[in-house]
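The values are calculated or read from the model by the stated rules, or taken from the named source; none is laboratory data. Bear in mind the structure is a predicted one, so any value in this text is a computation, not a measurement. As a convention, Cβ positions derive from the backbone with ideal geometry for all residues, glycine included, and neighbour counts pool all protein chains shown.
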Amino acid sequence: MAAHGSDCTSLKRVTDNFPRACLELLVALGAGFIPAAALLDLIPEAVAENPLAGPLIAHGYLTLFVAENVALSLGT
């Protein structure tokens, strides 16, 4: 537990010394890795194993897209 606290303290020091824009870019880079892994590795493998995977993935993506747009339009 003490080691974890030390890591958190070190992280606090690092984030205090970095410009906010640099930290935001690093977070965006890390967040982009997950969709890239899905698009380049997981989705082609799923489609190769099951022909219905492609339409199901597209349906899930479009459902999320519509839900987000509806939520955003209701919130403004």
Restricting the first residue to region 48-76 and requiring it to be of a type in the set (Gly, Ala, Ser), which pairs with a second residue that is surrounded by 10 or more Cβ atoms within 10 Å (Cβ to Cβ) and modelled with pLDDT under 95 meet a Cβ separation below 6 Å and a spacing of at least six or different chains? 53/46; 53/47; 54/47
With the requirement that a residue be acidic (Asp, Glu) and surrounded by 10 or more Cβ atoms within 10 Å (Cβ to Cβ), what does region 46-76 give you? 68
Can you name every one of the helices (runs of 4 or more DSSP H) wholly within region 1-61 that holds 3 or more residues which are at pLDDT 70 or above? 20-37, 43-49
